[in-house]
Amino acid sequence: MQHFINLADISNEYLESIILFALKIKKSPDEYYGLATGCILATLFFEPSTRTRLSFESAMLRLGGQVISVSDASSSSTKKGETPEDTCRMAGIYSDILAVRHPVEYTPQNMSYVSSVPVINAGDGSNEHPTQTLADLITIYERFGRLDNLTIAFCGDLKYGRTVHSLMQALDKYPNNKFIFISPDELKMPKKYIDIANTNDIIETADLENIIPDIDVLYMTRVQQERFDDIAEYEKLKGHYILTKSKLNLAKKNMIVMHPLPRVDEISTDVDSDERAWYFKQAEFALFGRMALIIDLLDLNN
Ligand code: NCD
């Protein structure tokens, strides 16, 4: 049985097959309605979410399947001390596929070891968020027609931002990509991800404005408030980078701005109408990526 847990275990071939499939679904989503009739997706979300949970649930409903859901840890047996593995065993009896978000790193992976049904990692602490990466790759592929030979800048909270950890590993599987990591010193990309990168083409800087003319993909991120023990530290770091229309004027005409959302204040709303602002399209691609993934993991496409 196949799971979708972390980028180290997901090949480029597999990513590409899901990306192309997602774009096919986007063209005529109605053709796929009914494919998951009789199947149930369980969304087990032990951390807040709007987009990810809704888009998983929407994806399943658009395939004609059904959804059961835990969206609040305090209303589930976790509150009584149940382990995630036991929750997973139960959920696998009541459903055919699980999407799991958990604040503790590697929990979806540990659940997958005992699971009788496919497990999708919908975000584990500060570690990874591979289905966001699917949405991100679909966005980049749709815009540039390739996933290689690109200069990608990740800006903001690179320490706790799980979306950047997964996307960086995915893009590192493709040749001639150059990474620019833009963050304050306190929120730098963890060394463990830089150490495993194949590419040596990496720049670390704190300065967005000077580097913006070089960038093809600018991936903005929110400072992850929920990961800070000291709220004063968060207050100090938030608002460090704000992409405004005037900063964007320094960038290439054919670059794009991405953001996994939710945004706080990293991108001012005057950027939204710029044709380089791709973050809402990115959220739309997430739906088709998740539809494609559900079909594939449930083996419904043959
Ligand atoms: C991201 C996440 O949960 O990591 N959100 C999302 O799923 N689109 C990014 C974030 O919360 O900052």
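Kindly indicate the residue of the range 226-251 that is assigned to a helix (DSSP H, G or I) and within 15 Å of the ligand (Cβ to nearest atom) and also surrounded by the fewest Cβ atoms within 10 Å (Cβ to Cβ) among those meeting that condition.
E226
Which condition number does N200 fail, the rest of (1) assigned to a strand (DSSP E or B); (2) open to solvent by 80 Å² or more (accessible area, probe 1.4 Å) being met?
The single condition N200 does not satisfy is (1).
Taking the condition of being away from the ligand (no atom under 16 Å from the Cβ) and open to solvent by 10 Å² or more (accessible area, probe 1.4 Å), how many residues in the range 252-276 meet it? Break it down stepwise before answering.
First pass over the range 252-276, keeping only residues away from the ligand (no atom under 16 Å from the Cβ): 252-256, 268-276.
In the following step, the residues that additionally are open to solvent by 10 Å² or more (accessible area, probe 1.4 Å) were identified as 252-254, 268-270, 272-276.
Matching residues across the range 252-276 total 11.
Name the pairs: first residue in the range 182-201 and within 19 Å of K238 (Cα to Cα), second residue among the small types (G, A, S) and open to solvent by 20 Å² or more (accessible area, probe 1.4 Å), Cβ to Cβ under 8 Å, at least 6 apart or on different chains?
That search, which allows pairs on different chains as well, returns I182/A206; S183/A206; P184/A206; D185/A206.
Quick check on the range 39-94: of everything there that is in a strand (DSSP E or B) and touching a residue at least 40 places away in the same chain (Cβ under 8 Å), which residue is most open to solvent (accessible area, probe 1.4 Å)?
So the first thing to find is which residues in the range 39-94 are in a strand (DSSP E or B), and the list is 40-45, 66-70.
Still in the running and touching a residue at least 40 places away in the same chain (Cβ under 8 Å): 40-45.
Working: I40: 48, L41: 0, A42: 2, T43: 0, L44: 9, F45: 2 Å².
The selected residue is I40.
Anything in the range 1-55 that is under 16 Å from I295 (Cβ atoms), hydroxyl-bearing (S, T, Y) and within 16 Å of the chain's Cα centre (by Cα)? List them, or say none. Step through it out loud before you land on a result.
As a first pass, look at the range 1-55 and keep what is under 16 Å from I295 (Cβ atoms): 1-4, 14-41, 55.
In the following step, the residues that additionally are hydroxyl-bearing (S, T, Y) were identified as 14, 17, 28, 32-33, 37, 55.
Result: S55, single match.
Give the residue, chosen from T133, T151, that is buried (at least 18 other Cβ atoms within 10 Å of the Cβ) and within 13 Å of the ligand (Cβ to nearest atom). So that I can check it myself, show each step before the final result.
Details: T151 fails: within 13 Å of the ligand (Cβ to nearest atom).
T133 is the lone residue from the list that is buried (at least 18 other Cβ atoms within 10 Å of the Cβ) and within 13 Å of the ligand (Cβ to nearest atom).
Quick check on the range 292-299. Is at least one of its residues open to solvent by 80 Å² or more (accessible area, probe 1.4 Å), modelled with pLDDT of 95 or more and either away from the ligand (no atom under 16 Å from the Cβ) or not in a loop (DSSP other than H, G, I, E, B) (or both)?
Initial filter on the range 292-299 (open to solvent by 80 Å² or more (accessible area, probe 1.4 Å)): 299.
This time we only want the ones that are modelled with pLDDT of 95 or more, so: 299.
From what is left, the residues that are either away from the ligand (no atom under 16 Å from the Cβ) or not in a loop (DSSP other than H, G, I, E, B) (or both) are 299.
Checked the range 292-299: at least one residue is open to solvent by 80 Å² or more (accessible area, probe 1.4 Å), modelled with pLDDT of 95 or more and either away from the ligand (no atom under 16 Å from the Cβ) or not in a loop (DSSP other than H, G, I, E, B) (or both).
The values are calculated or read from the model by the stated rules, or taken from the named source; none is laboratory data. No experiment lies behind these values; they were computed from the predicted model shown. Note: ideal-geometry Cβ built from the backbone for every residue, glycine included; neighbour counts use all protein chains shown. To get the accessible areas, we keep the full protein, side chains included, count just its heavy atoms, and leave off ligands, DNA and RNA. Shrake-Rupley method; radii C 1.70, N 1.55, O 1.52, S 1.80 Å.
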